[in-house]
Structure formats: structure tokens, C-alpha cells
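Following: one structure in C-alpha cells, then a few remarks.
Each reported figure results from applying straightforward, stated rules to the coordinates on display, with no laboratory input. What you are looking at is a predicted structure, and each value in this text was computed from that prediction instead of being measured. For neighbour counting, all protein chains shown are included, and Cβ atoms are generated from backbone atoms with ideal geometry for every residue, glycine included.
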Amino acid sequence: MNHIRLKLFVIGNSSISKRAIINLETICSHPKLIGLCDIEVVDVRKHKDLISEEKILATPLLIRKKPLPERRVLGDLSNIQKVLDILEIS
């Protein structure tokens, strides 16, 4: 499997943001994904320019940047299998 670049957009340190980060770390620790995930967590309050650039309408938002095409998942990522399926990395 190829290297996977993931960007998680959150707003501050809210409980839903924290859950999304923890769930993303769990996803990337899956045996098939260890060492393949490059994760970037972005607080949109600190990087407001990215809201329009990345077309962010709500958070938390996970975007698979690579491999192309981009895939997006909105929410706290608690349904791990669904996230893997949407991102096509299962």
C-alpha cells in the first residue's frame, strides 16, 4: 500500500476535536497502516485562510490528500470501518 497523507481540520481543543484526533490515531495504528500515514492536524481558528482554500464547511473534517483523488470524512471518525471504507484505505 502507498503512503497516505491525511489532514484533519478541527476547531480548537473541543471534545469532538479531541475524539477525532484519538480516532484518527487509532485508524493509523491499524496493522495494515503502521508507518504509512502522514497526519497533519490543523486548527482552522489559527489558519483561517485554509477554510476557503480547502472548502471547509464544518469540522472536524478529515481529508485524504494522497493518494489522489481526495476523499473527505466529516465528524469525529468514531465509525472506524466506515472511515476506512470512505477513504478507501481498508
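Within the straight-line cut-off of under 22 Å between alpha carbons, the lysines reachable from Lys32 are Lys7, Lys65, Lys66, Lys82, sequence neighbours fewer than 8 places apart in one chain being disregarded. Gain on full extension, evaluated as 0.36 nm per residue between Glu70 and Asn2 minus their Cα-Cα distance, stands at 23.1 nm.
Dividing the summed -39500 (n - 2.57) terms of all DSSP H runs of n ≥ 4 by the residue count of the chain sets its mean residue ellipticity at 222 nm at -8500 deg cm²/dmol. Please list, short to long, the whole-number percent of alpha-carbon pairs of the stretch 41-90 in consecutive 10 angstrom bins beginning at zero. Pairs per bin, as whole percents: 23, 52, 24, 1.
Over all directions, the projected convex hull of the C-alpha atoms in the stretch 4-87 averages 5.1 nm² in area. Here the Gaussian network model covers the chain, with springs between Cα atoms less than 10 Å apart; of Arg71, Arg45, Arg19, Arg45 fluctuates the most.
Helix 15-28 and the long axis of the chain differ in direction by around 20°, with both axes built from C-alpha atoms. Dipole magnitude for the chain: about 60 debye, using +1 per Lys or Arg Cβ and -1 per Asp or Glu Cβ, origin at the Cα centre.
In nm, to one decimal, how far is the modelled label at Lys18 from the one at Lys32, with both set 7 Å along Cα→Cβ? That separation, rounded to one decimal, is 3.1 nm.
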